[in-house]
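This report refers to the structure that appears directly beneath it.
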Amino acid sequence: MVSKSPVWFLLASALTAGLLLQLTSVRAATTPLQDPDTEDTEEHEETPMEKQMERVEDAMRSLRRSVRKPESRADSLAHVQECQEGLLLAKELEPMMLARIPEAEKATFKRDFRLGMVEALETYLELERALLEERDDDAKDLYKKAAGLEDPAHEIFTEDG
Ligand code: HEM
């Protein structure tokens, strides 16, 4: 009989082994790497700063589309207001990373963080002025400037950059 042939048995074993190997590598690719020496992969509760930052991020996403359309200026102004409010509330909070900064450097770190927030807020105020004065090209450039502040600030003030 065909099913009792050693050839079929070998073929079935090879297929099963291949399938298991593939499943293992898919699992390895989708499981987050855990570094036993650090606790960086542990989930933490959202900080008040993250809450405000996410508010800014959501408003920026909408602004990215509306700022291209002069007819959506009123929407853009509402999104800009939202960004300003989020940044204003974040400005007085302490970044999580402060806890890991040596005591002697804390004051400078806090001052630099606040200056970074001031720069972001100033940019959103300029953007607001451009929208109110119907300078739509300036508004687009200022949106880009504001968006460009995010990564360099996170490099300095967050642990995972
Ligand atoms: C301008 C656009 C910005 C956007 C859209 C933005 C967005 C975000 C988001 C979404 C998070 C949460 C990260 C996460 O969940 O992994 C975050 C965290 C953070 N951002 Fe921003 N950010 C911006 C600008 C800034 C600026 C200018 C600073 C500092 C001057 C800053 C400092 C931080 C810090 C310190 C955290 C970590 C939160 C904590 O320590 O509790 N961000 N940001």
Any chance Glu82 is under 21 Å from Glu46 (Cβ atoms), more than 8 Å from the ligand (Cβ to nearest atom), without any contact (Cβ under 8 Å) to a residue 40 or more places away in the chain and surrounded by 15 or more Cβ atoms within 10 Å (Cβ to Cβ): yes
Some residue of segment 92-112 being touching a residue at least 24 places away in the same chain (Cβ under 8 Å) and of a type in the set (Gly, Ala, Ser): no
Sole residue being away from the ligand (no atom under 15 Å from the Cβ), surrounded by fewer than 16 Cβ atoms within 10 Å (Cβ to Cβ), over 16 Å from Ile156 (Cα atoms) and of a type in the set (A, V, I, L, M, F, W, C), chosen from Ala74, Ala130: Ala74
Where a residue in segment 133-161 is over 16 Å from Gly116 (Cα atoms) and of a type in the set (A, V, I, L, M) and its partner, wherever it lies, is within 8 Å of the ligand (Cβ to nearest atom) and modelled with pLDDT under 95, with Cβ under 6 Å and at least six apart: none
Breaking point among (1) modelled with pLDDT of 95 or more; (2) under 19 Å from the mean Cα position of the chain (by Cα), for Thr41: (1)
Residue among Met97, Met117 that alone is in contact with an Asp or Glu (Cβ under 6 Å, 6 or more places away or on another chain), within 11 Å of the ligand (Cβ to nearest atom) and in a helix (DSSP H, G or I): Met97
Any hit, segment 133-144, residues being near the ligand (Cβ under 8 Å from one of its atoms) and either of a type in the set (A, V, I, L, M, F, W, C) or part of a helix (DSSP H, G or I) (or both): no
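The values are calculated or read from the model by the stated rules, or taken from the named source; none is laboratory data. All figures in this text were calculated on a predicted structure; none of them were measured in a lab. Virtual Cβ from ideal backbone geometry, glycine too; neighbours counted across all protein chains shown.
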